[in-house]
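So the structure is just underneath, and the comments pick up after that.
The values are calculated or read from the model by the stated rules, or taken from the named source; none is laboratory data. Just so you know, these numbers come straight off a predicted model, no measurement behind them. When we count neighbours, we look across all protein chains shown, and the Cβ atoms used for this are built from the backbone with ideal geometry, even at glycine.
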Amino acid sequence: MQTSENLKFIKEKNKINIFIWLFLLFELAAFFAFFFLYLLPEVPGKMLQSENDFNIMILYFSYISVIAVVPFTYKYYDTKKKQAANLNNFKKIADKYFLTIIIIYSLFEFAALMTLIAFYVNEMYEPLYMFGIIYVAVLLNKPSLKRFMQIKMKEDDKHVINLKNKTD
């Protein structure tokens, strides 16, 4: 059963998670605005033609990072959610969730920065599409500790129902 101390702790952790999520959204939007508006005001509409192979490698690395990070983060989240179902302490579950969110947001941040660097180095608009994918993925990953603890709460509810049935 959840005590009021656990509920207070969980609510505080959730507020921190939401603050980090909002900060990440704002920070990604600020980076995008900085790269797009101030560094390259007139990006030519050229195809993939570069004098330097390093620029093309950065472009492809940014694409690969986006393609790999998005599904990996969802798989990682599901794995940690199943591991949290085995824990008994709600504070440990909240801490595991906080660490999971930080790792996921770090991966999103890395992929987003790689796309913006590829945009700046190659002077092409195509990396911005990948940045949009990352931004949408961050929007869809709004933190919810309740969702993370859903498996554990369902198990506790079944246990309480079984105890009631046995005592009746």
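Inside region 108-124, can you point out the residues that are without any contact (Cβ under 8 Å) to a residue 60 or more places away in the chain and aromatic (F, W, Y)?
F110
Of the conditions (1) in contact (Cβ under 8 Å) with a residue 40 or more places away in the chain; (2) under 30 Å from N6 (Cα atoms), Y135 fails just one. Which one is it?
Answer for Y135: the failing condition is (2).
Tell me, which residue of region 106-130 that is at pLDDT below 90 and aromatic (F, W, Y) is surrounded by the most Cβ atoms within 10 Å (Cβ to Cβ)?
Filtering region 106-130 for residues that are at pLDDT below 90 and aromatic (F, W, Y), the one surrounded by the most Cβ atoms within 10 Å (Cβ to Cβ) comes out as F119.
Restricting the search to region 39-62, which residues are at pLDDT 70 or above and either within 28 Å of the chain's Cα centre (by Cα) or farther than 12 Å from N122 by Cα (or both)?
Step one: of region 39-62, the residues at pLDDT 70 or above are 52-62.
Selection gives N55, I56, M57, I58, L59, Y60, F61, S62.
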